[in-house]
Amino acid sequence: MELDRNEMDQYSRQMLVDEIGYEGQLAILSTLVRVWGPEPWRQWASRYLTAMGFSVEESPGEKFGVALGDHWRWTTQLSSDGDGMRELGLGLSRLICDWLGQVTEGGHGTCEYDSFK
Amino acid sequence: MPKARRSWPRCTSGALRSTGKAMNVVVVGAGAIGSPLVCGLLQWPEVEHLWVVDGDRVERSNLPRQPWYQLADLGQFKAAALANALGDRRIHPVVEVVGEAFSWPPADIVFDATDNWPARQAIQREARRRGIPWVFSSAVRWEGQVAFMRPQGPCLACLFGEDPGEGLRCFEAGVVGTVTLAVAGQALAVAKAWQAHGEQWEDRLYLLDGRTGDRWWVRLPPRECPHGT
């Protein structure tokens, strides 16, 4: 798989980040993420992950959760205000960063987070 | 050619801390931090008018971290495209760059969602001239920073030195969209906290690290700014 010119342009700023790069972007584009939980954060997470290049499947649920591939999972409770937005952004970032560290090294690892606490 | 000055709606100055009363907000920047910030601010019933100021147009490279824009928005002004996407009559798009000639709307608070120092310094000058607070925010790679800037409190020079330089910008170093989302959430949270605590609120610079999911803060000294800004 290779990125075409439009994809290179689209993901260029993201690929500038050391932990992502070209290989990481290819991994993102070929990975399914499942997102479940209440709104609005389910839709927000889906929107941001899709924009990064992931394929996303959504389902309703009481507790918010994200599963990246088969082995990486984060579940948490998010408040509906700015704190919730911050925790969503930080939690997704950490999950993606840790996952990228594994997949770009050729492994797949296994990790399950519960609110990172 | 001189710009015509707009007739802005009446200011509700000082209303920020009076929860339940109308509030006017300016968000400078409709990009990766500004777009989720505007979405969050629209959830505040106190927000009566929300000016979104940005002279940039939507580019393809914006899409991974500015997911309120679509391919169909490419080439459109961000401020207008965001107002169109969110469809809320409280949003007033302003397609301009803030600078000396900019005609500032009558805000109770200004949110910095830019990626450059000249714009931040223009925001700071105007906020201090009017005696209103502003919220500094920035993001690059996996890191973000947010600070609530009181009119009489520490200034940019107090936080970063008198000549901090431009620093790395996201088009040079890259940035992760979910980090900008976290920064927008922190900016909302500090404004809400100040609303709740008023002058009892400590001046802090918040630091976010997307690699570890950590957030911490540096407490700023409780003194007047010595830089005369």
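The values are calculated or read from the model by the stated rules, or taken from the named source; none is laboratory data. Everything quoted here is computed from the prediction, not taken from an experiment. Because the Cβ atoms are built from the backbone with ideal geometry, glycine has one as well, and the counts that use them run over all protein chains shown. Each accessible area value is taken on the protein alone, full model and side chains, heavy atoms only, with ligands, DNA and RNA left out. Shrake-Rupley method; radii C 1.70, N 1.55, O 1.52, S 1.80 Å.
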## Note on the structure
Restricted to the stretch A:10-23 and to residues being facing chain B (nearest Cβ under 7 Å) and touching a residue at least 12 places away in the same chain (Cβ under 8 Å), the residue nearest to the chain's Cα centre (by Cα) is A:Q14
### Summary
The one condition A:A45 fails out of (1) surrounded by 18 or more Cβ atoms within 10 Å (Cβ to Cβ); (2) touching a Cys at 6+ places or on another chain (Cβ under 8 Å); (3) not acidic (D, E) is (2)
### Query
Which residues, taken from the stretch B:123-158, are over 18 Å from B:V218 (Cβ atoms), part of a helix (DSSP H, G or I) and open to solvent by 10 Å² or more (accessible area, probe 1.4 Å)?
B:Q124, B:R125, B:E126, B:R128, B:R129, B:R130
### Message
Please verify whether A:T31 is surrounded by 15 or more Cβ atoms within 10 Å (Cβ to Cβ), more than 10 Å from every other protein chain (Cβ to nearest Cβ), more than 17 Å from B:V176 (Cβ to Cβ) and under 14 Å from the mean Cα position of the chain (by Cα), treating the condition exactly as stated.
### Response
no
## Note on the structure
Scanning the stretch B:194-214 residue by residue, those within 11 Å of chain A (Cβ to nearest Cβ) and within 17 Å of B:D112 (Cα to Cα) turn out to be B:Y206, B:L208
### Summary
Within the stretch B:48-82, residues on the phi < 0 side of the Ramachandran plot, among the small types (G, A, S) and assigned to a loop (DSSP other than H, G, I, E, B) come out as B:G55
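Per-residue answers, yes or no, for (1) open to solvent by 10 Å² or more (accessible area, probe 1.4 Å); (2) out of contact with any Cys (no Cβ under 8 Å at 6 or more places or on another chain); (3) within 29 Å of B:Q145 (Cβ to Cβ):
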residue: A:P60; (1), (2), (3): yes, yes, no
residue: A:F64; (1), (2), (3): no, yes, yes
residue: A:A67; (1), (2), (3): no, yes, no
residue: A:R73; (1), (2), (3): yes, no, no
residue: A:G89; (1), (2), (3): no, yes, yes
residue: A:C97; (1), (2), (3): yes, yes, yes
### Task
Show the residue pairs that are 6+ apart or on different chains and have beta-carbon atoms under 6 Å apart, the first residue being within the stretch B:185-204 and on the phi < 0 side of the Ramachandran plot, the second being open to solvent by 40 Å² or more (accessible area, probe 1.4 Å) and assigned to a helix (DSSP H, G or I).
B:A189/A:D83
### Query
Tell me, which residue of the stretch B:59-91 that is in contact with a Leu (Cβ under 7 Å, 6 or more places away or on another chain) and touching a residue at least 40 places away in the same chain (Cβ under 8 Å) is nearest to A:R13 (Cα to Cα)?
B:L86
### Query
Within the stretch B:95-104, is even one residue of a type in the set (F, W, Y), open to solvent by 20 Å² or more (accessible area, probe 1.4 Å) and either in contact (Cβ under 8 Å) with a residue 60 or more places away in the chain or part of a loop (DSSP other than H, G, I, E, B) (or both)?
yes
## Note on the structure
Checking A:L49, A:L68, A:L26 in turn, the sole residue that is touching a residue at least 12 places away in the same chain (Cβ under 8 Å), under 11 Å from the mean Cα position of the chain (by Cα) and closer than 23 Å to B:V140 by Cα turns out to be A:L49
### Task
Of all residues in the stretch B:128-149, count the ones that are β-branched (V, I, T) and more than 13 Å from the chain's Cα centre (by Cα).
2
## Note on the structure
Within the stretch B:210-229, residues within 20 Å of the chain's Cα centre (by Cα) and of a type in the set (D, E, K, R) come out as B:R215
### Task
Looking only at the stretch B:109-122, count how many residues are open to solvent by 20 Å² or more (accessible area, probe 1.4 Å) and without any contact (Cβ under 8 Å) to a residue 40 or more places away in the chain.
2
#### Entry: Filtered residues of the stretch B:77-119 (kept if charged (D, E, K, R), at pLDDT 95 or above and under 18 Å from B:D56 (Cβ atoms))
B:K78, B:D112
### Failed condition for A:E7, given (1) within 12 Å of chain B (Cβ to nearest Cβ); (2) surrounded by 17 or more Cβ atoms within 10 Å (Cβ to Cβ)
(2)
